[in-house]
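> The structure under discussion is supplied below as structure tokens; questions concerning it will follow.
The values are calculated or read from the model by the stated rules, or taken from the named source; none is laboratory data. This is a predicted model, so every value here is computed, not measured. No Cβ is skipped: glycine too gets one built from the backbone with ideal geometry, and neighbour counts run over all protein chains shown.
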Amino acid sequence: MRIINLLPKKRQKEIRYVKFLNGLFLVMWISLASFAVVFILQFMAKAYLQGRLSSVEREIEQLKQQVNKQDNAQIKAEIVNINNKILDSKNLAESSPKWSKVLKAFAVLPPDGVRINSFNVDPAEKVVTIRGFAPTRELAIELYDIIKADSENFYNVNYPLENLVKATDVSFYYKFYIRESLLK
């Protein structure tokens with residue numbers, strides 16, 4: 001079957017333009033509708049993602065606070081432990097006498113030829129006990145006299161008689177006290 005259009009050419013042209021215009025309006029409406037749908041979907045996706053983001057940020061903050069509490073507790077415990085050790089060391093250093101001064105004060109006293117074999121200190125009593133060897137009795141007596149003469153650092157030197165028994169190759173023993181000023 002064949003369709004014959006009997007309308008004038010001008011009118012036929014108008015009808016084509018109208019159909020074309022209707023087609024353009026249809027495309028425009030479909031485009032606008034699709035843009036609107038995409039815009040609404042993007043807006044909803046953005047709102048959902050922002051809500052999810054804030055939820056995740058809250059969870060992260062809670063986890064950070066929880067971890068910080070645990071880490072802080074552990075770090076604080078370590079700091080307290082280290083501070084206690086430092087305080088113990090400081091207290092021990094302050095409470096213990098300074099024995100190096102005692103050794104320096106005594107080291108210059110023995111005369112040449114006298115050998116000190118043991119140098120023992122009783123910190124509680126502040127007593128020094130020395131044992132040694134002198135080639136002669138006179139050197140052992142001289143060491144006693146020198147220690148006794150250093151009354152600024154030492155006092156109450158005992159004088160055991162067994163130090164005088166032999167004239168040569170004398171093994172001696174002395175016990176004396178340390179002045180408090182030497183221990184500071």
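> Please work out which residue is modelled with the lowest pLDDT, limiting yourself to segment 98-122 and to residues that are exposed (fewer than 15 other Cβ atoms within 10 Å of the Cβ), of a type outside the set (Gly, Ala, Ser) and farther than 16 Å from residue 153 by Cβ.
Here the residue is 122.
> Additional query: Looking at 106, 25 in this structure, which one is out of contact with any Phe, Trp or Tyr (no Cβ under 6 Å at 6 or more places or on another chain) and within 30 Å of residue 184 (Cβ to Cβ)?
106
> Here is a further query. If you go through segment 171-184 one residue at a time, how many are modelled with pLDDT under 80 and polar (S, T, N, Q)? Talk me through it step by step, then tell me what you get.
Step one: filter segment 171-184 for residues modelled with pLDDT under 80, giving 181-184.
Cutting the leftovers down to polar (S, T, N, Q) gives us 181.
Qualifying residue count for the region: 1.
> Every residue in segment 107-120 that is without any contact (Cβ under 8 Å) to a residue 40 or more places away in the chain and at negative phi, please.
107, 108, 110, 111, 112, 114, 115, 116, 117, 118, 119, 120
> For residue 5, work out the one condition from (1) touching a helix residue (DSSP H, G or I) at 6+ places or on another chain (Cβ under 9 Å); (2) exposed (fewer than 10 other Cβ atoms within 10 Å of the Cβ); (3) closer than 30 Å to residue 116 by Cβ it doesn't fulfil.
(3)
> Okay, moving on. Of the residues that make up segment 104-127, is at least one in contact with a strand residue (DSSP E or B) (Cβ under 8 Å, 6 or more places away or on another chain), assigned to a helix (DSSP H, G or I), within 18 Å of residue 182 (Cβ to Cβ) and assigned by TED's automatic domain parsing to the domain that holds residue 178?
Yes, that holds for at least one residue.
> If you check 136, 168, which single one turns out to be of a type in the set (S, T, N, Q), at pLDDT 80 or above and surrounded by 14 or more Cβ atoms within 10 Å (Cβ to Cβ)?
Criteria check complete, one pass: 136.
> Filter segment 123-133 down to the residues that are surrounded by 14 or more Cβ atoms within 10 Å (Cβ to Cβ), among the hydrophobic types (A, V, I, L, M, F, W, C) and either more than 16 Å from residue 163 (Cα to Cα) or at pLDDT below 85 (or both) and list them by number.
Those that are surrounded by 14 or more Cβ atoms within 10 Å (Cβ to Cβ), among the hydrophobic types (A, V, I, L, M, F, W, C) and either more than 16 Å from residue 163 (Cα to Cα) or at pLDDT below 85 (or both): 127, 128.
> Given the condition at pLDDT 85 or above, in a loop (DSSP other than H, G, I, E, B), surrounded by 14 or more Cβ atoms within 10 Å (Cβ to Cβ) and of a type in the set (D, E, K, R), answer yes or no: does some residue in segment 147-160 qualify?
Yes, segment 147-160 has at least one match.
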